[in-house]
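Engineer: Okay, here's the structure, questions in a sec.
Bear in mind these aren't lab numbers, they're just calculated from the coordinates by the rules spelled out. Keep in mind the model is a prediction, meaning the values are calculated, not measured. Cβ placement follows ideal geometry from the backbone for every residue including glycine, while neighbour counts extend to all protein chains displayed.
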Amino acid sequence: MPDLLLLLFLFNLSLFLLHEMDAIRRSEWKLFMVLKQMDDAKAYKVFTLIHLPLYTIILAFLFSQYQMIMFWFLDIFFIIHAILHLFFEKHSSNEFKNTFSRFIIYPMGIIAAIHLFLLITDI
């Protein structure tokens with residue numbers, strides 16, 4: 001059985017993947033400078049396809065000798081990501097203003113902070 005620290009990270013990574021599914025439904029590309037200029041059909045395809053190399057890189061590093069670096073990188077990213085969503089709460093194109101989306105986004109930042117703390121303290 002994987003250790004609890006790894007399970008915590010994998011749970012959080014799963015939250016991130018859920019968020020990205022929600023992001024497609026909620027047209028998150030409208031919050032990005034270049035993508036918001038495109039029509040929705042094209043922006044959807046670009047936004048979605050960008051995730052293929054990103055997921056591949058993340059998974060490649062998670063299954064390599066650089067796993068610990070990826071833990072750190074993603075934990076920091078998840079924290080910043082949650083903070084950015086908080087700052088964009090009032091953005092007119094933000095469609096994440098609902099309980100379901102918030103239940104995915106904000107715990108991701110909190111869990112990442114806990115995971116990072118546990119990594120640092122080596123508990």
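Engineer: With +1 on each Lys and Arg Cβ and -1 on each Asp and Glu Cβ, and nothing else charged, work out how big the dipole of region 4-67 is about its Cα centre, in Debye to the nearest 20.
Structural biologist: Charge dipole of region 4-67: 120 debye, to the nearest 20.
Engineer: Using a 7 Å offset from the Cα along the Cα-to-Cβ direction at both Tyr55 and Asp3, what is the distance between the two label points in nm, to one decimal?
Structural biologist: Placing both labels 7 Å along Cα→Cβ, they lie 2.8 nm apart.
Engineer: Let me know the charge dipole size of region 4-121 about its Cα centre in debye, to the nearest 20, where only the beta-carbon of Lys, Arg (+1) and Asp, Glu (-1) is charged.
Structural biologist: That gives region 4-121 a dipole magnitude of about 220 debye.
Engineer: I'd like the distance separating the alpha-carbon centroids of region 17-40 and region 66-123, in whole Å.
Structural biologist: If you average the Cα positions of each part, the centres end up 18 Å apart.
Engineer: For the chain, what is the calculated [θ] at 222 nm in deg cm²/dmol (nearest 500), taking -39500 (n - 2.57) for each run of four or more DSSP H residues and dividing by its residue count?
Structural biologist: On the way: 4 runs with 89 residues, N = 123.
Dividing the helical sum by the residues of the chain leaves -25500 deg cm²/dmol.
Engineer: Still on this model: Of Val46, Phe71, Ile58, which is farthest towards the positive pole of the chain's charge dipole, taken about the Cα centre with +1 and -1 on the beta-carbons of Lys, Arg and Asp, Glu respectively?
Structural biologist: Farthest along the dipole direction, towards plus: Val46.
Engineer: Treat region 12-110 as a sphere of radius equal to its Kirkwood radius over Cα pairs and apply Stokes-Einstein at 4 °C in a medium of 1.567 mPa s; give the translational diffusion coefficient in µm²/s, rounded to a whole number.
Structural biologist: 90
Engineer: Can I ask one more? If you take the beta carbon distance between Lys45 and Tyr106 as r and set R0 to 35 Å, what does 1/(1 + (r/R0)^6) give as a FRET efficiency, to the nearest 0.05?
Structural biologist: Working from the Cβ atoms, E equals 0.75.
Engineer: Can you give the longest stretch of the chain with no exposed loop site, where a site means trypsin sites (Lys or Arg not before Pro) in a DSSP loop (not H, G, I, E or B) with at most 15 other C-beta atoms within 10 Å?
Structural biologist: Longest gap between qualifying sites, sites excluded: 1-89.
Engineer: Could I ask something else about it? Set the Förster distance to 30 Å, then compute FRET efficiency between Glu95 and Leu119 from the Cβ-Cβ distance, nearest 0.05.
Structural biologist: 0.35
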